[in-house]
């Protein structure tokens, strides 16, 4: 029997990529690595590989590097990450490329991929590839720190994943009491012919942080929130769970996310640890879209 957290050190905003039976995990910077990378063969036992992006782009003011997610594009690995833009003094989204899943990722651009400086900045980029091969990027405008609404956006990516095409579309905002002043950390997962958008709401450094969902018939929306509350919240073993993504293993579906130890919310040590929580989809009683349910967070994990 395995146990949560699956990584007990600080590893905020985790994202996992499976490559030929090996899982690679990426997270918000720590005291040493700009883009920390872990490796595992079973999603449970992880070892630190090192810094996936030891050299940063010229547009970055170091120190505020957040929430990377990595996609496979052809024979390369493309990382979408958040960093602080020197020119506009807000958070922005960059894109970096590597030949291996552990890096080194390089961003040689003079400017970020995306920077909504009039909306507080741009953070939490999440790539999604649809069944038809089209590539999309989701993200959040960082408006909560300047008193404006936060929106989850989606926009088409070029085939090589390095450019945005067309126009961005707003698909979700904070409009429920539990979300507080923000929604963030989007991740799209297809299931049963529909698209499920998992997102986090409220303040990450509080036990009010949690996970909600919305559903659509298309990856680009419109998305509807079927209920007026979160589907993952703090409990007796994990505080402020959220900002995760979905991964499959042996026919089961898991949400990889972070959480604080209860009683140590916003404490520097051990920080936000990495958890696995099983995700199941139950038939809706009215015949509508299946209802996603998180079985936890729980300390005990049965992956057999």
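The values are calculated or read from the model by the stated rules, or taken from the named source; none is laboratory data. Note that the coordinates shown come from a computational prediction; the quantities given were computed from them, not determined experimentally. All Cβ positions, even for glycine, are placed from backbone atoms using ideal geometry, and neighbour counts span all protein chains on display.
Observations, loosely collected:
- Taking each residue of the stretch 93-117 that is at positive phi and in contact (Cβ under 8 Å) with a residue 12 or more places away in the chain and looking for partners that are crowded, with 23+ Cβ neighbours inside 10 Å and in a loop (DSSP other than H, G, I, E, B) with beta-carbon atoms closer than 9 Å, six or more apart or interchain, yields 103/35; 103/52; 103/53.
Yes/no matrix, rows are residues, columns are (1) assigned to a strand (DSSP E or B); (2) surrounded by fewer than 16 Cβ atoms within 10 Å (Cβ to Cβ):
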| position | (1), (2) |
| --- | --- |
| 10 | no, no |
| 28 | no, no |
| 32 | no, yes |
| 49 | yes, no |
| 55 | no, yes |
| 65 | yes, no |
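- Condition check for residue 240: surrounded by fewer than 21 Cβ atoms within 10 Å (Cβ to Cβ), farther than 25 Å from residue 135 by Cα and in contact with a strand residue (DSSP E or B) (Cβ under 7 Å, 6 or more places away or on another chain): no
- Here residue 282 meets each of (1) at pLDDT 95 or above; (2) farther than 30 Å from residue 224 by Cβ with one exception, condition (2).
- The stretch 34-47, residues that are buried (at least 16 other Cβ atoms within 10 Å of the Cβ) and farther than 16 Å from residue 247 by Cα: 34, 35, 36, 37
- Residue 137 meets the stated requirement of being under 17 Å from the mean Cα position of the chain (by Cα), closer than 14 Å to residue 81 by Cβ, touching a residue at least 12 places away in the same chain (Cβ under 8 Å) and not in a loop (DSSP other than H, G, I, E, B).
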